[in-house]
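Q: Just dropping this structure here.
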Amino acid sequence: MKRTNTDFLVTSNIRRDEVSGERGDPGTEAWMRGRRATQKGMGPAALAAHREWLAEETERLIAGWRARSSVTDPVAELERLSARSFTRFCFGTRDPGAAARRTGELLAALTPIISSPFHFPRAIRRFMPRYRRSVDAQRTLERELRRALDAPGGGGLVESLADAGLDPEASVRMLVSNGLASYRVPAAAVTWTLVALARHPAVADELAGRLGRARTGDGAGDADGDPLLAWTIAESLRLWPPNWLILRTANGEQSCGGWRLPPGASVIVSPYVVHRTAPSFAGDPDTFRPERWSGMNPGPGEYLPYGIGSRWCVGKALADLELTTIVAALAREFRFSVRTMAERPDVRTTLLPASLTLGLRPR
Ligand code: HEM
């Protein structure tokens, strides 16, 4: 992973079309510039301003859930929140229009392509209906993003992208990739955490108590900074990393972990497997035990829910904010139970709980 962009490359785009991925290639360099600009735009001040908006929106979600005793397919409901969170973060007070919904439509159009075990040459792919549908969905989203860029208002990540010298088309390209990455993955991470809390009521009670005390001023520090909250999220990302497979391609002949890899070999790193086999978690790697994170500092490469190296997750800062804000608010408010859930998760793209219905009881 640390040799990404040189010895090991990210060689496909969102639609699995081949790209170079090598340092020095104009497409790779443009992407890396966009990454740097995005990360600069996720500084503490921008995140602090966004937190207030997100807390209010989470309260709105909670108000809707309070009227119910269960929620079927919580990922779908949380996706809507994470998608709107991203468009708000990007466009500030400008009206993002239907950008969040269009991102969902593009993701739905891409899913059969990303999850297919078959990969046809581009000359054939171009004529496949699913490929064309995804191209159309991307164009529709791009139109919506361009419109939002020109809408009245101000603030948001798009201004950092412009300040960093990205022209509107380069910004739109960044927004498409970031929008897709921030749509389902944070929703999956929140949902896995709620499932873990449902199955570990003692942890859930302890967490809710601490969060409640922090809110009323009886506890130490602010709720979102509570260590048990951080450990709970870290432990959930360890056991159920939403991006459970990370792909690289060997650039020329390479050696890695004692293996000789021929040029073009595909290398798959699975955070799911690493997190359950790394020495730091030995003994009870499959057990949900947030307290293990007290004083724990996993060794290099042992914990990688956000990847590592030059292509690690661009949106980690925003993702952390979303996870702490949303999980804290929900854990304080509800006792969760698992009403239904398939034994096997959905592993086709993002790691998702399948057929999940969560029971809700107000605290
Ligand atoms: C819990 C939430 C999230 C998790 C667990 C997560 C995890 C990951 C992982 C494992 C990767 C692959 C890293 C690699 O290939 O080395 C990745 C890539 C990426 N993530 Fe995230 N992510 C999350 C949320 C977000 C959000 C909110 C955004 C955008 C605001 C985002 C934007 C991206 C982008 C653009 C990439 C591709 C980076 C590249 O290829 O250079 N992610 N993420």
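Q: Taking the residues in the stretch 250-266 that are within 16 Å of the ligand (Cβ to nearest atom) and at pLDDT below 95 as candidates, determine which candidate is surrounded by the fewest Cβ atoms within 10 Å (Cβ to Cβ). Explain how you work it out, then say what you get.
A: Step one: list which residues in the stretch 250-266 are within 16 Å of the ligand (Cβ to nearest atom), which gives 250-251, 256, 266.
Okay, now just the ones that are also at pLDDT below 95, so 256, 266.
Working: CYS256: 14, SER266: 10.
So the residue we want is SER266.
Q: Is it the case that some residue within the stretch 308-317 is within 15 Å of the ligand (Cβ to nearest atom), at pLDDT 95 or above, over 20 Å from THR111 (Cβ atoms) and of a type in the set (A, V, I, L, M)?
A: Looking for residues that are within 15 Å of the ligand (Cβ to nearest atom), at pLDDT 95 or above, over 20 Å from THR111 (Cβ atoms) and of a type in the set (A, V, I, L, M), one finds at least one in the stretch 308-317, hence yes.
Q: Scan the stretch 173-194 and tell me whether some residue there is more than 14 Å from the ligand (Cβ to nearest atom) and either farther than 29 Å from ASN297 by Cα or in a helix (DSSP H, G or I) (or both). Working first, answer last.
A: From the stretch 173-194, those more than 14 Å from the ligand (Cβ to nearest atom) are none; that's our starting set.
No: zero hits.
Q: Okay, next question. Collect the residues in the stretch 38-78 that are small (Gly, Ala, Ser) and in a helix (DSSP H, G or I), keeping them in residue-number order.
A: Initial filter on the stretch 38-78 (small (Gly, Ala, Ser)): 41, 43, 45-46, 48-49, 55, 63-64, 67, 69-70, 76.
Hits for the stretch 38-78 are ALA45, ALA46, ALA48, ALA49, ALA55, ALA63, GLY64, ALA76.
Q: Still on this model: Does at least one position in the stretch 269-291 carry a residue that is within 16 Å of the ligand (Cβ to nearest atom), without any contact (Cβ under 8 Å) to a residue 24 or more places away in the chain and surrounded by fewer than 16 Cβ atoms within 10 Å (Cβ to Cβ)?
A: yes
Q: Restricting to the stretch 195-222, name every residue that is part of a loop (DSSP other than H, G, I, E, B) and either modelled with pLDDT of 95 or more or surrounded by 15 or more Cβ atoms within 10 Å (Cβ to Cβ) (or both).
A: Within the stretch 195-222, HIS200, GLY219 meet the criteria.
Q: For the stretch 258-289, how many residues are among the basic types (Lys, Arg) and in contact with a helix residue (DSSP H, G or I) (Cβ under 8 Å, 6 or more places away or on another chain)?
A: Number of matching residues: 2.
Q: Also: Look through the stretch 1-15, keep the residues that are of a type in the set (D, E, K, R) and out of contact with any helix residue (DSSP H, G or I) (no Cβ under 6 Å at 6 or more places or on another chain), and return whichever of them is farthest from the ligand (Cβ to nearest atom).
A: Per the stated criteria, the residue is ASP7.
Q: Quickly run through the stretch 79-127 and pick out the residues that are touching a residue at least 40 places away in the same chain (Cβ under 8 Å) and outside any helix (DSSP H, G or I).
A: GLY92, THR93, ARG94, ASP95, PRO96, GLY97, ALA98, SER115, HIS119
Q: Could you tell me how many of the residues in the stretch 22-37 are in contact with a helix residue (DSSP H, G or I) (Cβ under 6 Å, 6 or more places away or on another chain) and within 11 Å of the ligand (Cβ to nearest atom)?
A: 1
Q: Condition first: assigned to a loop (DSSP other than H, G, I, E, B), of a type in the set (D, E, K, R) and under 23 Å from the mean Cα position of the chain (by Cα). Now tell me which residues in the stretch 271-296 satisfy that.
A: So the first thing to find is which residues in the stretch 271-296 are assigned to a loop (DSSP other than H, G, I, E, B), and the list is 278, 282-289, 294-296.
After this cut, where a residue has to be of a type in the set (D, E, K, R) as well, the list is 284, 286, 289.
Within the stretch 271-296, ASP286, ARG289 qualify.
Q: Further question on the same structure: Which of the residues belonging to the stretch 325-351 are within 13 Å of the chain's Cα centre (by Cα) and of a type in the set (Ser, Thr, Tyr)?
A: THR349, THR350
Q: Is it fair to say ARG23 is closer than 25 Å to ILE114 by Cα, touching a residue at least 40 places away in the same chain (Cβ under 8 Å) and outside any helix (DSSP H, G or I)?
A: It is false that ARG23 is closer than 25 Å to ILE114 by Cα, touching a residue at least 40 places away in the same chain (Cβ under 8 Å) and outside any helix (DSSP H, G or I).
The values are calculated or read from the model by the stated rules, or taken from the named source; none is laboratory data. Since the structure is predicted, the reported quantities are computational estimates derived from the model, not experimental observations. Ideal geometry is used to build each Cβ from the backbone, glycine not excepted, and the neighbour counts take in all protein chains shown.
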